[in-house]
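Right, one structure below, let's go through it.
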Amino acid sequence: MGETPTIQTKKSNQTPKAIIHQKYGSSACYRIEEVREPVQNSCPGLAIPQQGPCLFRCNLQLPGLSVTSEAFKKKKDAEQNAAQMAIEKLDIQPATDSSTSQEPWDVLIAARISSLFSNEFLSSQNQPQHPLIGHFRAALQRETEECGLLPVSILATYDAKLNNLCKSINHKLDRNPHLIVTLIMKAARKSGSAAISQGKLWISKQTPYTPEILQALTSQQLSSSEGIWIQAVRIPCSIEKPVEPVTLYISSDGYYMDAIAQELGLTDTSQILVSRTVGKASSEMRLYFSALESPVPSDLSLEDLLDAKEPVTNESFNDRASYFSSQNIYGDAILASIGYTWKFPDLFHEDVSLGTYYRMLIGRLPNGGYKLSREAILVAELPIAFTSRSNWRGSYPWDLLEMFCRQHWLSEPVYSIISITDLVDPSLETSQASKKLKVANPAEEETKYANGRSHAANDKESIAPGGSCRCEVKILSKGQDLIIECSPVDSYRKPNDAKQNAALKVLSWLNKYLRKLDMHVEKLSSSGATHGLCFYPENFSKEFALCLSVHAGQLASSLRKCSLLASSCMDQLNTTQEHGVCSFKTEGLDSGVFPSNGSLICISYVVSLVRKGEHMKESLESSDEFEFEVGTGAVIPQVEACVTQMSMNQSAHFNTELPPREFIFAAAGDSLKSISLLSMGACFLEYSISLLRVTEPLEDRMEQALFSPPLSKQRVEYALRHINESCATTLVDFGCGSGSLLDSLLDMSTSLEKIVGVDISRKSLSRAAKALHLKLSENSDPAKPSRGIKSALLYDGSITVFDSRLGGFDIGTCLEVIEHMEEDQACLFGDVVLSSFRPSILIVSTPNYEYNSILQRTDLSKKDEDPDEKMQSLPCKFRNHDHKFEWTREQFNNWASDLAMRHNYSVEFSGVGGSADVEPGFASQIAIFRRGPIDAECSENLDIAQPYEVIWNWSRS
Ligand code: SAH
Ligand code: MG
């Protein structure tokens with residue numbers, strides 16, 4: 001990988017402030033100043049300068065020098081910056097490690113080696129046992145001339161103290177097992193108690209052990225008399241060669257390192273090198289590989305050693321093994337889980353299958369990590385949104401991000417919560433006032449609508465107690481180089497939600513681009529910028545250099561193989577999948593209970609690998625209960641598309657093309673069987689899914705649990721009262737959805753003769769059509785309430801566009817629809833409906849934002865949630881995550897009054913749930929518009945415009 005080690009002591013791990021402190025102590029004086037940088041003034045006419053966020057500069061006074069830092073958001077960054085500037089000006093060299101700690105590192109290392117090769121180390125009977133003791137025992141039991149000899153690399157690998165001493169010289173040593181081995185050999189010579197074999201990497205005690213110690217050591221052994229077989233995996237150096245399973249046999253009196261060396265084709269075990277543990281922290285999973293033929297000469301000075309380049313060609317660099325361990329590994333490697341540990345008196349070992357390898361591989365990318373946490377490799381992808389703790393399944397985004405950083409050997413992510421209310425300085429009364437004034441300005445109004453949700457969050461009146469917050473997250477390397485900085489603009493009521501969403505943003509970006517690192521840096525940057533994410537290309541590519549070659553290489557080689565084999569059926573599948581739909585068959589009766597966005601649903605499924613033509617099938621994965629939230633991208637698109645067209649208790653089957661091979665192996669219980677099936681060609685995946693349960697979105701649950709009758713029913717009854725009062729014969733329901741209002745009207749006796757619904761959701765319309773058709777054909781009985789209905793129609797179209805077939809109806813309803821559109825669209829709808837459709841009466845309902853504090857304080861949580869969780873369970877700022885806004889009473893009144901005035905309507909306000917006279921008003925606020933005396937405006941409506949498409953048309957014959 002061509003990384004040149006540099007001497008850390010020159011660049012030191014110390015912070016600039018620490019260096020200054022060392023030199024100047026208390027005579028260094030830091031002073032923080034607040035600065036407000038003016039923002040580019042967007043309204044040149046505005047007298048009051050706009051204020052940017054508060055920043056800090058730091059002035060540092062030293063004897064004979066004064067420096068002032070750049071401006072920073074954080075005081076401590078400003079201080080460090082000032083210290084750094086002083087260091088550069090004064091050209092201060094940080095104290096070197098050897099001068100602070102008196103003793104050079106190799107002396108310390110030599111001392112530790114001496115203690116490992118003392119009689120006491122083996123005679124100490126303290127439990128738990130040091131992991132090295134097993135190695136000593138096995139080596140001393142050898143009956144060959146190699147008796148008592150240990151491979152050098154195991155010392156640093158299994159003795160944490162020695163390992164830390166080596167690492168603290170330079171964090172880059174940590175990446176390089178070869179240099180560590182050289183360093184230990186060098187120190188061993190100094191130690192006087194350990195001997196190094198000429199030309200080999202063996203290390204042994206200089207003087208023999210006493211017979212008592214040897215006696216005690218061998219009598220401790222607990223192992224059974226039988227040998228063990230363990231499964232391991234070979235990762236060939238060439239990425240073109242497949243990873244393959246290998247079996248190791250370790251005889252009862254043998255040394256496991258010997259068995260691994262043999263598998264690696266080494267002539268003697270001294271040539272073996274061992275990586276750090278990979279995978280779970282608790283595992284003994286490590287990579288074993290061979291030392292380079294010409295290791296670094298050990299007579300180099302420490303500094304030269306650190307500067308030494310690895311004497312190798314890149315051809316023998318093992319990308320995959322190095323990627324797994326973040327260490328430089330050359331040649332073939334064996335991945336095995338075996339070793340002596342503090343916990344077990346005997347040799348610990350566990351099988352590592354191909355499946356294990358592939359699970360580790362895919363687990364290193366965020367979506368893979370998520371899939372693994374859900375134990376549903378073939379179903380789950382990383383969701384696009386974190387809506388609430390109660391709906392999220394699998395590891396939380398911040399846990400996934402932390403795991404990602406750990407696996408890639410980075411520092412822990414650093415989060416900072418920014419409170420939006422903090423950014424508004426209360427002393428700036430004047431700028432507050434100007435903000436309020438601006439609302440009256442029509443040009444400003446426009447930007448307000450465009451800002452939509454984020455503006456609502458900034459609006460002081462509408463902030464729920466506790467304020468709103470955003471979250472920034474930073475990813476740094478182990479050497480503290482900044483790699484990624486992400487500060488999404490979205491604000492949340494709870495700091496935790498802000499944190500989870502910020503983590504999710506970073507994960508999604510990483511997920512998308514780690515496989516495309518060969519993309520142009522500018523493209524990567526601009527894609528990052530649209531996510532509110534800034535990354536530092538140099539530091540980034542240093543850390544993730546291997547990601548691309550390993551994942552893309554794996555993908556390419558598996559695709560190459562699979563595509564040849566499966567091309568025929570893939571062609572066929574591709575054509576259906578290009579449009580994001582795949583055909584599927586549904587079975588079972590329609591129960592009428594459908595999932596919608598925000599529903600939490602539970603399915604059971606089986607995914608099988610199937611060979612086309614012949615009936616050869618291998619079940620890859622199945623689950624009796626798999627829960628996920630609909631509409632957040634928590635599952636692959638085909639599954640989401642399928643379940644949203646199923647009703648509860650129905651089942652469906654569909655096929656998809658093959659995912660990358662590593663996903664199949666990771667899921668397959670029996671990877672060998674899957675390989676043989678794949679190698680026969682023409683395979684695809686078959687999914688069968690049953691929809692077991694549908695839990696309605698939060699909003700619906702609240703409306704049902706907190707109101708009696710449920711709020712939706714109260715809205716219908718409200719509309720019904722107005723229908724009857726006005727003796728309306730024609731009704732149009734704008735944004736009819738699945739037809740809940742129209743359907744309920746058919747159960748009641750009304751004056752209506754013609755009912756029409758309009759919506760843009762085909763899916764909802766087809767459900768509405770089904771339900772209405774059933775009810776109307778059943779209701780041919782003259783005694784049925786709906787017998788007055790002569791015609792019913794459903795249109796697909798946007799209610800912001802006029803269709804002349806729906807002009808001049810007696811009554812129009814638009815219940816809980818406008819908040820699903822962007823604010824500017826809601827305003828457009830208002831104008832179109834009152835200027836063109838011009839119904840005699842129009843009823844519009846929408847949530848009252850002020851009522852949310854009551855809804856969200858009420859304990860609606862399920863019994864099984866713990867008390868802490870209860871407070872957390874309703875984190876939605878809005879009632880439903882599909883809502884683009886929710887208005888206060890004042891906002892709604894302003895919208896409706898202004899609209900009515902401009903179009904010659906009168907308007908009055910009412911609502912359902914709660915009461916007008918008790919704060920905070922109704923739960924659902926309603927405006928009733930009544931058309932004024934006919935004026936000139938309506939004659940314009942004679943224009944014929946018919947953009948809507950008829951979806952369903954019923955008339956009584
Ligand atoms: N009125 C129904 C549905 C409310 S959900 C009820 O009370 O149950 C909101 C509905 O508005 C959704 O079905 C959505 O598809 C529809 N919608 C959103 N924007 C629309 C638009 N521009 N034109 C027509 N329908 C729209
Ligand atoms: Mg709604």
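Do we have any residue at all in segment 847-870 that's in contact with a strand residue (DSSP E or B) (Cβ under 8 Å, 6 or more places away or on another chain), surrounded by fewer than 22 Cβ atoms within 10 Å (Cβ to Cβ), modelled with pLDDT under 95 and not assigned by TED's automatic domain parsing to the domain that holds R389?
no
Quick check on I811: is it under 21 Å from F929 (Cβ atoms), without any contact (Cβ under 8 Å) to a residue 40 or more places away in the chain and within 16 Å of ligand 1 (Cβ to nearest atom)?
no
Answer yes if at least one residue in segment 128-143 is open to solvent by 40 Å² or more (accessible area, probe 1.4 Å), modelled with pLDDT under 85, within 45 Å of the chain's Cα centre (by Cα) and outside the structural domain of Q480 (by TED's automatic domain parsing), and no otherwise.
yes
Restricting to segment 682-723, give me the number of residues that are touching a His at 6+ places or on another chain (Cβ under 9 Å) and of a type in the set (F, W, Y).
1
Is it the case that L828 is part of a helix (DSSP H, G or I), more than 16 Å from ligand 2 (Cβ to nearest atom), surrounded by 15 or more Cβ atoms within 10 Å (Cβ to Cβ) and at pLDDT 85 or above?
Yes; evaluated as a whole, the condition is true for this residue.
Can you tell me which residue in segment 621-639 is surrounded by the most Cβ atoms within 10 Å (Cβ to Cβ), limited to those that are of a type in the set (D, E) and within 18 Å of the chain's Cα centre (by Cα)?
E629
Can you confirm whether S526 is surrounded by fewer than 16 Cβ atoms within 10 Å (Cβ to Cβ) and of a type in the set (S, T, Y)?
Answer is yes for this residue.
How about segment 772-808: which of its residues are among the β-branched types (V, I, T) and either more than 12 Å from ligand 1 (Cβ to nearest atom) or not in a loop (DSSP other than H, G, I, E, B) (or both)?
I789
Counting only residues that are part of a helix (DSSP H, G or I) and touching a residue at least 24 places away in the same chain (Cβ under 8 Å), which one in segment 689-702 is nearest to ligand 2 (Cβ to nearest atom)?
Among those that are part of a helix (DSSP H, G or I) and touching a residue at least 24 places away in the same chain (Cβ under 8 Å), it is E699.
State yes or no: is I818 at pLDDT below 95 and among the aliphatic types (A, V, I, L, M)?
The answer is no for I818.
Suppose we filter I689, I664 for residues that are buried (at least 19 other Cβ atoms within 10 Å of the Cβ), under 23 Å from the mean Cα position of the chain (by Cα) and among the β-branched types (V, I, T); which single one remains?
When all the criteria are applied, what remains is I664.
When only residues in segment 719-742 that are open to solvent by 40 Å² or more (accessible area, probe 1.4 Å) and under 22 Å from Y948 (Cβ atoms) count, which is farthest from ligand 1 (Cβ to nearest atom)?
T729
For segment 804-818, which residues satisfy the criterion of being within 16 Å of ligand 2 (Cβ to nearest atom), within 23 Å of N724 (Cα to Cα) and open to solvent by less than 10 Å² (accessible area, probe 1.4 Å)?
Within segment 804-818, T813, C814 qualify.
Which condition number in (1) in contact (Cβ under 8 Å) with a residue 40 or more places away in the chain; (2) surrounded by fewer than 18 Cβ atoms within 10 Å (Cβ to Cβ) is the one that H615 fails?
The failed condition is (1).
Pick out the one residue from L60, L65 that is modelled with pLDDT of 75 or more and surrounded by 15 or more Cβ atoms within 10 Å (Cβ to Cβ).
The match here is L60.
Which residue, of S708, S766, is of a type outside the set (D, E), under 43 Å from the mean Cα position of the chain (by Cα) and part of a loop (DSSP other than H, G, I, E, B)?
Result of the check over S708, S766: S708.
Each row is one residue, and each column tells you yes or no for (1) at pLDDT below 70; (2) open to solvent by 30 Å² or more (accessible area, probe 1.4 Å).
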site	(1), (2)
E263	no, yes
T267	no, yes
I272	no, no
S275	no, no
L292	no, no
L306	yes, no
E310	yes, yes
A321	no, no
W342	no, yes
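Given the options L573, L565, name the one that is surrounded by 17 or more Cβ atoms within 10 Å (Cβ to Cβ), at pLDDT below 80, closer than 23 Å to P242 by Cβ and not acidic (D, E).
The conditions single out L565.
Starting from segment 625-636, keep only residues that are under 14 Å from L692 (Cβ atoms), then list their pairs with residues that are open to solvent by 20 Å² or more (accessible area, probe 1.4 Å) and in a loop (DSSP other than H, G, I, E, B) whose Cβ atoms are within a distance under 8 Å, requiring at least 6 positions of separation or different chains.
So the pair list comes out as E627/R393; F628/R393; V630/S596; V630/N597.
Identify all residues within segment 412-445 that are modelled with pLDDT under 90 and in contact with a Lys or Arg (Cβ under 6 Å, 6 or more places away or on another chain); write none if there are none.
I418, E444
Please go through segment 745-762 and pick out each residue that is within 13 Å of ligand 1 (Cβ to nearest atom) and open to solvent by less than 30 Å² (accessible area, probe 1.4 Å).
L745, V756, G757, V758, D759
Between S766, S791, S738, which is assigned by TED's automatic domain parsing to the domain that holds R715, in contact (Cβ under 8 Å) with a residue 60 or more places away in the chain and within 16 Å of ligand 2 (Cβ to nearest atom)?
S738
With the structure loaded, tell me whether M680 is surrounded by fewer than 17 Cβ atoms within 10 Å (Cβ to Cβ), in contact with a helix residue (DSSP H, G or I) (Cβ under 7 Å, 6 or more places away or on another chain), over 23 Å from R374 (Cβ atoms) and touching a residue at least 40 places away in the same chain (Cβ under 8 Å) or whether it fails that test.
Considered against the rule, which asks whether it is surrounded by fewer than 17 Cβ atoms within 10 Å (Cβ to Cβ), in contact with a helix residue (DSSP H, G or I) (Cβ under 7 Å, 6 or more places away or on another chain), over 23 Å from R374 (Cβ atoms) and touching a residue at least 40 places away in the same chain (Cβ under 8 Å), M680 comes out as no.
If you go through segment 350-358 one residue at a time, do you hit one that is farther than 30 Å from R879 by Cβ, under 14 Å from the mean Cα position of the chain (by Cα) and either among the hydroxyl-bearing types (S, T, Y) or at pLDDT 85 or above (or both)?
no
The values are calculated or read from the model by the stated rules, or taken from the named source; none is laboratory data. This structure is a prediction, so every number in the text was calculated from the model and none was measured. We place every Cβ from the backbone using ideal geometry, glycine too, and count neighbours over all the protein chains shown. Heavy atoms of the whole protein, side chains included, go into the accessibility calculation; ligands, DNA and RNA do not. Shrake-Rupley method; radii C 1.70, N 1.55, O 1.52, S 1.80 Å.
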